[in-house]
Amino acid sequence: MIRISLLFFTIILSIAAKSQNNELTLWYKQPAADWNEALPVGNGRLGAMVFGEVEKERIQLNEESLWAGRRIDNNSTQAGSHLKEIQELILNDENRKALDVSNQYLLGNPPQLRSYQTLGDLYFDFGQQGEVVDYKRSLDLKTGIASVSYKIGEVQYKRDVFVSAPDNVIIVHITADKPHAINCKVTLSREKDATIQAISQNELEMSGQIIDVTDKIKGEGGADMKFNALLKAVNSGGSIISANNSLLVTDADAVTILLTAATDYNFSQLNFDRSIDSKAVCETIIAKASSNDALALQQRHLAEYQPLFNRMSLQLGTTDKSSVPTNERLEELRKGATDPQLVTLYFQYARYLLMSSSRNPGVLPANLQGIWNKDFEAPWNSDFHTNINLQMNYWPAEVCNLSETVMPLANFIDYMRVPGRVTAQKMYNAKGWTMHHCTDAFGKTAIHDGVGWGTSPLAAAWLCLHLFEHYQFDGDKIFLRDKAWPIMKEAAEFVQSFLIKDKNGYLVTAPSVSPENSFKLPDGSIGQMTYAPAIDIEIITAFFNDCIATGKILNADPSFTASLAQAVKQLPPLQVSKKYGIIQEWIKDYDENEPGHRHMSQLFGLYPVSLITPQTPVLFEAARKTIERRLQHGGGHTGWSRAWIINFYARLLDSEKAYENVIALLTKSTLINLFDNHPPFQIDGNFGGAAGIAEMLLQSQNGQINLLPALPKEWNNGEVKGICSRGGFVIDMKWENGEIENCRIYSKRGGIANIVYKNKTARLKTKAGTYYELGKDFRWIEKY
């Protein structure tokens, strides 16, 4: 039984006082005006958005697997028999006809996905209690707790909301500093497909099943996913009774709400599973959680949350503006103020969001909105877009010391092989597995949303880059051997089967697109369908190189990896446009239909992979011109696109341009709750922005660890701890006046660290589990 007392309220107030000027707190003087101002909490599986209203509080709820639809094979049954015809049309420059035939035979049936959905809302009606003073709404990243505090008359009220990973529940803890001061009505709500009832004097239950309507675009309807939510309220003092399927709290000293939810989704099957009793799952979770009192629940949450979050710290300046509300700081930044601590807050917020949307007990990777979604029909279905967005979600994971958050993605990629094999065989007469530009919780791998948008047949290969990246940072050979390599090899088999020779004897992809972009054909018409766009060549080169490296590490499949090495030699080279001096996006030097397009896919080789480097000077300079041309024509207008540009300029070692785009991301594409604004909200920009900031401080591609490679003058003094590099190194650095004052490197698994700082280099042979510190003349000293 939960026991709550005024002592607990005193402890909470003490903690709050100590963190009053916490530089890692988002805070506001008013409630959220709408969902885009609410504050997110989550544990990877459950999410909530806290509005902070005084009289009628709303907390919007999510459960990661609550999706409309079901698992079906929606691959075109005629694609395989028309593939060769389409390929020949494309290779013969009959793009328009190729598009017409592709529209007829390649598109999935149905051609669109259904949406990830809101679970519903939790409401508290506190009534009108009087004039409110000292109002504050906040989210403390150091604790993962969202709070609302205010005073009415002589009573100080406080609400804390957090989502516990160890106990798998959303917790709302309401306290007052005077006895018998809490009176409210507690209600669960969902607009459709659910019923809510009180099942005891202190419990509410939501029972539902998504009923999908038959739709020619989204497919056959029916009774699909089942779901439940269970709420339990426990009071100290006063009373709780049920009334009209709500709970009525009267004269309580404190109240704790425990809420959990579950569906009958089976991740390993990528489908709902009627053997799963979601009601029983909820009952088990609540019974276990409610055996702890409120203080114990918070302590268990912090014991799990804080060691993960605290692995990395960052300081970029000494100007303390933490006493200014977050929305006001953003507005000041838009007017030209400098606020390096706000950049730090944004960076750590991205780490918080990744932890909150992609960790155990969650199983699915972070979607377009992480796990936070208020809609039944979300923008872009809040799905998994695999032509950059899902991948960008995980760009900061390894370097920002959150390696565990990659596991939901790795498992998702693994399970996608089963439907992906069907797509490879049916659509491309190929071995292995593949998928296209978007999917859902049910693992659909066909072409969706139109062939001009959806024909991205290398999405699986792109996703597999994250598997080898995880090994490069983590060094887990068991993961590489047992998890990553089988997935990678099978994806590589698809790519091998898919490649064909063009008229010049190059191995090329066809059909394909450069994601979401289009070009002008010589007759003035607009084309999208092509062969061998630059991004495909870059993906294949990077992916096959990863496979070759994996084969060497594992001493596995030498003949197969040798065939991949031969294939890389037969790919067409990246080209520089003779018209504009930019990286050529398509196999031919077409003019872009939209020169300021949000996607900059031809620069995939600059970032996230590292094929375009200072060691390829012609391409390196062409990459710079590519970005400049995009920006001159209005590029970077979406949040995630701007975030990508930060990473580009970091790789170009252009510190001031990288910083300029960090500020542009904050001032032009960031909502007041620091969510990325596409618009609308899309979480990938948060993650891409954090990755870019990290890339300015540390780079470790191509066998070198480059310290402070793109440090802007605005961050002349600072410190970072716990940032990670490939090779299994964890690095702490402090710098003053733009120069490193001290640096410590921890080697997790031993090996060589090739360290670069400005014009200095060092080759450090390390032992596993050992720290090394920077000494004079760039010498490194083994410490302990």
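In the stretch 413-427, the condition of being open to solvent by less than 10 Å² (accessible area, probe 1.4 Å) and part of a loop (DSSP other than H, G, I, E, B) is met by no residue. In the stretch 589-633, the qualifying residues are those that are touching a Ser or Thr at 6+ places or on another chain (Cβ under 8 Å) and charged (D, E, K, R), and the one that is most open to solvent (accessible area, probe 1.4 Å) is Glu594. Condition (residue is at pLDDT 95 or above, open to solvent by 30 Å² or more (accessible area, probe 1.4 Å), farther than 24 Å from Val101 by Cβ and assigned to a loop (DSSP other than H, G, I, E, B)) applied to the stretch 550-565: is it met by at least one residue? Scanning the stretch 550-565, I find at least one residue that is at pLDDT 95 or above, open to solvent by 30 Å² or more (accessible area, probe 1.4 Å), farther than 24 Å from Val101 by Cβ and assigned to a loop (DSSP other than H, G, I, E, B), so the answer is yes.
Matching residues to (1) free of Cβ contacts under 8 Å to residues at least 24 places away in the same chain; (2) of a type in the set (Gly, Ala, Ser); (3) surrounded by 16 or more Cβ atoms within 10 Å (Cβ to Cβ):
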{"site": "Gly692", "(1), (2), (3)": "no, yes, yes"}
{"site": "Pro712", "(1), (2), (3)": "no, no, yes"}
{"site": "Asn716", "(1), (2), (3)": "yes, no, no"}
{"site": "Gly728", "(1), (2), (3)": "no, yes, yes"}
{"site": "Trp735", "(1), (2), (3)": "no, no, yes"}
{"site": "Tyr746", "(1), (2), (3)": "no, no, yes"}
{"site": "Leu764", "(1), (2), (3)": "yes, no, yes"}
{"site": "Asp777", "(1), (2), (3)": "yes, no, no"}
{"site": "Ile781", "(1), (2), (3)": "yes, no, no"}
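Kindly indicate whether Glu404 is modelled with pLDDT of 95 or more, in a helix (DSSP H, G or I), open to solvent by 10 Å² or more (accessible area, probe 1.4 Å) and under 19 Å from Ala691 (Cα atoms). Yes: the conditions hold for Glu404. Of all the criteria given as (1) without any contact (Cβ under 8 Å) to a residue 24 or more places away in the chain; (2) within 35 Å of the chain's Cα centre (by Cα), the one not satisfied by Asn74 is (1).
Only one of the numbered conditions (1) open to solvent by 10 Å² or more (accessible area, probe 1.4 Å); (2) more than 16 Å from Thr541 (Cβ to Cβ) is not met by Glu469, and that is (2).
The residues listed here are Ile705, Ile672, Ile752; of these, the one that is of a type in the set (Val, Ile, Thr) and buried (at least 20 other Cβ atoms within 10 Å of the Cβ) is Ile705.
When the stretch 428-454 is limited to residues that are farther than 27 Å from Thr405 by Cβ and in contact with a strand residue (DSSP E or B) (Cβ under 6 Å, 6 or more places away or on another chain), the one that is surrounded by the fewest Cβ atoms within 10 Å (Cβ to Cβ) turns out to be Gly454.
Can you tell me which of Ala243, Ala233, Ala262, Ala254 is touching a helix residue (DSSP H, G or I) at 6+ places or on another chain (Cβ under 6 Å) and of a type in the set (Gly, Ala, Ser)?
Ala262
Can you pull out every residue in the stretch 428-458 that is of a type outside the set (Gly, Ala, Ser) and either more than 20 Å from Ser382 (Cα to Cα) or outside any loop (DSSP other than H, G, I, E, B) (or both)?
Correct list: Tyr428, Asn429, Lys431, Trp433, Thr434, Cys438, Thr439, Ile447, Val451, Trp453, Pro457, Leu458.
I want to confirm something. Restricting to the stretch 166-222 and keeping residues that are free of Cβ contacts under 8 Å to residues at least 40 places away in the same chain and open to solvent by less than 20 Å² (accessible area, probe 1.4 Å), which single residue is farthest from Phe124 (Cα to Cα)? Restricting to residues being free of Cβ contacts under 8 Å to residues at least 40 places away in the same chain and open to solvent by less than 20 Å² (accessible area, probe 1.4 Å), the top hit is Gly221. Screening the candidates Val163, Val155 for the property of being of a type outside the set (Lys, Arg), open to solvent by 10 Å² or more (accessible area, probe 1.4 Å), more than 30 Å from Thr214 (Cβ to Cβ) and in contact (Cβ under 8 Å) with a residue 12 or more places away in the chain yields one hit, Val155. The strands (runs of 3 or more DSSP E) found wholly in the stretch 244-325 and carrying at least 3 residues that are within 23 Å of Tyr352 (Cα to Cα) and at pLDDT 95 or above occupy 254-263, 313-315. Screening Phe687 with (1) touching a residue at least 60 places away in the same chain (Cβ under 8 Å); (2) aromatic (Phe, Trp, Tyr); (3) open to solvent by 50 Å² or more (accessible area, probe 1.4 Å) gives one miss only, at (3). Taking residues in the stretch 586-610 that are under 17 Å from Gly688 (Cβ atoms) and among the polar types (S, T, N, Q), and partners anywhere that are crowded, with 21+ Cβ neighbours inside 10 Å and at pLDDT 95 or above, the pairs with Cβ atoms closer than 6 Å and at least 6 places apart or on different chains are Ser601/Ser514; Ser601/Pro515; Ser601/Ile535. Look through the stretch 321-341, keep the residues that are open to solvent by 10 Å² or more (accessible area, probe 1.4 Å) and among the hydroxyl-bearing types (Ser, Thr, Tyr), and return whichever of them is nearest to Ile663 (Cα to Cα). Checking each candidate, the answer is Thr338.
Looking only at residues of the stretch 102-138 that are in a loop (DSSP other than H, G, I, E, B) and open to solvent by less than 10 Å² (accessible area, probe 1.4 Å), we find that the one that is farthest from Lys185 (Cα to Cα) is Leu106. Cβ-Cβ contacts under 6 Å between residues 6 or more apart (or on different chains), taken from a first residue in the stretch 514-536 that is closer than 14 Å to Leu89 by Cα to a second residue that is surrounded by fewer than 22 Cβ atoms within 10 Å (Cβ to Cβ) and of a type in the set (A, V, I, L, M), are listed as Gly527/Leu521. Considering every residue within the stretch 342-363, establish whether at least one is open to solvent by less than 10 Å² (accessible area, probe 1.4 Å), closer than 30 Å to Glu714 by Cβ and touching a Lys or Arg at 6+ places or on another chain (Cβ under 7 Å). Among the residues of the stretch 342-363, at least one is open to solvent by less than 10 Å² (accessible area, probe 1.4 Å), closer than 30 Å to Glu714 by Cβ and touching a Lys or Arg at 6+ places or on another chain (Cβ under 7 Å), which makes the answer yes.
The values are calculated or read from the model by the stated rules, or taken from the named source; none is laboratory data. None of the values given here were measured: they were computed from a predicted structure. With ideal geometry, Cβ positions are generated from the backbone for all residues, glycine too; neighbour counts draw on all protein chains shown. For accessibility, only protein heavy atoms count, side chains too; no ligands or nucleic acids. Shrake-Rupley method; radii C 1.70, N 1.55, O 1.52, S 1.80 Å.
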